[in-house]
Structure formats: C-alpha cells, structure tokens
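The values are calculated or read from the model by the stated rules, or taken from the named source; none is laboratory data. Note that the structure is predicted; figures quoted are calculated from it, not measured. Quick reminder, even Gly has a Cβ in these numbers, built from the backbone with ideal geometry, and neighbours come from all protein chains shown. Calculation scope for accessible area: heavy atoms of the full protein, side chains included, ligands and nucleic acids excluded. Shrake-Rupley method; radii C 1.70, N 1.55, O 1.52, S 1.80 Å.
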Amino acid sequence: MTRANWRRFCVLAIGALAISVGAAIPLQAQDKIDVIASFSILGDFASNVGGDRTRVTTLVGADSDVHVYTPAPADAKKIAGARLLIINGLGLEGWLPRLVQSSGGKAAIATATTGIPARKSGSGADPHAWQSVANAKIYVTNIRDALAAADPAGAEIYRANADAYLANLDALDREVREAIMQIPSARRKVISTHDAFGYFADAYGVAFIAPQGVSTESEVSARDIAAVIIQIRAGKIPAVFLENIVDVRLMRRIAEETGARIGGRLYSDSLTGEKGDAPTYIELVRHNIKVLTSALTN
Ligand code: ZN
C-alpha cells in the first residue's frame, strides 16, 4: 500500500468507525429521555437541544395562553413519568407548583431563565425574557446543562445540538437588528395587547405600549384603554398589533378610535401549530420582525 493509499484507508476506516458509533447512539422509542416543557416556546428549545435522544412534551400547547392555564389530570401523569421538567420561572407558571406537587414525580426541575437579569414590571418581574434572542441563548445553554445533568450519557450530543442551534440564534439576532435598522427611528413604536415585548424593546430599541399588563390575567379597564388612546394620538403611533393568545376585539376598537392601523399579528407567548406562521421560535421571531418592519416602514 502506498503512503497516499494508506492515508486514504485510515480516513475511511475512521469514518466507518465514527458512523458505527454514531449509529449506536439513537435510543429506541421506549428508551428516550422524557422531557416536559411548561409551554410551547420552551418545548421548541428543548427539542432542538435534545434532538432524537429525547421525547419532549409541552403542557401548554400551541396558540394557548400560559398565563392562565388550567392543568388537566393528564398533565400530572406526564410530569410523574418525566426525567426533566423545564420551566420559564419569573412567575410565568403560577399554576405549576401545585401541579408538580400533585404529580408525585421525581423529575428534576430546570428554570430556563436562570442567569437572565429580570426586567421589572409593575409589582413583579416580567417573565417574557425569550423575546430577546440574546436571552433565548441563555435559555438554550441552561436547557443543555439541565439535559446533560439529567442524562450524562447524552451530554456530548446535547452540547453539539446546542452549539448548532446557538449559531442559528446568533444569525437570528443579527437579522432582527438589521430589520429594525430599516425602520425610521421616530416610527419605532407600537401598541401590543399585553405587555409581552419589554425584553424585545430593551434589546432592539422599539417602544411597546400595551393596555394590558405583563399577565393576561389582569383585566383591562376603561381607564387603561383611554390612556393608550391618548398615547397613540400624542406619540403618533402608526400601528397596533394583535396577538394569537388574546381577544382581538380590544385592539380593533383602539384602532378604530385612533385611526392607527392594524399592523398584523405578533406572536408573544406561544408558537402556532405546524401550519401557522410561527411553528418554531426562530419562525416566530422572523414573523414578528417581518410584520413590524412592513407596518412601520411604510
Ligand atoms: Zn405574556
């Protein structure tokens, strides 16, 4: 064998070995690591990091409101059988502690927002930290570490999956910044239904005003609505936006009274189903910046 041939043989042999080791790694369906995420956006992060090695189930599914969720008996069963439960924290899942207690399960609990400086809103923390892509990267590293702790044999896989996904999030963050740059700075202000975009506002320099607070649990009073109408007129705010998880009638009324146009639908706290505009976190952010730029640049 010539030296070149020998080298080629070695490369092939190592390649074949790597493939056979790789082929041994995927787990059978019954051996997959059961992971529960409290809501759809966390479920997407967990699926990206866990890949084929995990079976990720979300409690609050697509197009549903995590603030006001009522757990079903089936949810306690899901938690009871899981290795890991991933939550947002910052007060988002007020309904969760009782559910975990009633499940009697032994799942490790990971708080995905650990290490993120919480934005204050009114009397408490603003839980919508995922709306900044830089924060989403912290969610992903926390989920990676929690999966590795719950399933040490899969640590290398989780690290590789997380690295690939984090690179996509870096690209996404650049995309958001470039899109916002296209909007004249005087027009970077919008009305959303509930106060879900504070982290986005802080990270990317778009002002958001909402008649409803950081939780959809709070009632919107006539005074809240009147205050927003005054702000729209005084600030010449060009557009109001609808959300998938809350009633759209309020925003239609505000648009009618002020002449602000309806800029479209922003996705705040929930992904859509497969056929919707935002079946993944990356598509959710892309959809939102597309809607914002098209409503605010024209
Ligand atoms: Zn919310």
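For segment 99-108, filtered to residues that are surrounded by fewer than 17 Cβ atoms within 10 Å (Cβ to Cβ) and touching a residue at least 12 places away in the same chain (Cβ under 8 Å), the residue that is nearest to the chain's Cα centre (by Cα) is 108.
I'm checking my understanding of the structure. Among residues of segment 41-69 that are within 16 Å of the ligand (Cβ to nearest atom) and more than 15 Å from the chain's Cα centre (by Cα), which one is least open to solvent (accessible area, probe 1.4 Å)? Step by step, filter segment 41-69, then rank; the result is 69. Restricted to segment 260-287, and to residues there that are under 27 Å from residue 298 (Cβ atoms) and open to solvent by 40 Å² or more (accessible area, probe 1.4 Å), the residue that is farthest from the chain's Cα centre (by Cα) is 261. Pairs are defined by a Cβ separation below 6 Å, a sequence spacing of at least 6 or placement on different chains, a first member in segment 241-266 that is over 20 Å from residue 227 (Cβ atoms), and a second member that is open to solvent by 30 Å² or more (accessible area, probe 1.4 Å); the pairs so defined are 244/63. Exactly one residue among 196, 136, 146 is within 16 Å of the ligand (Cβ to nearest atom) and either touching a strand residue (DSSP E or B) at 6+ places or on another chain (Cβ under 9 Å) or among the polar types (S, T, N, Q) (or both), and that residue is 196.
Scanning segment 115-139 for residues that are open to solvent by 20 Å² or more (accessible area, probe 1.4 Å) and part of a strand (DSSP E or B) returns 119, 120, 121, 124, 125.
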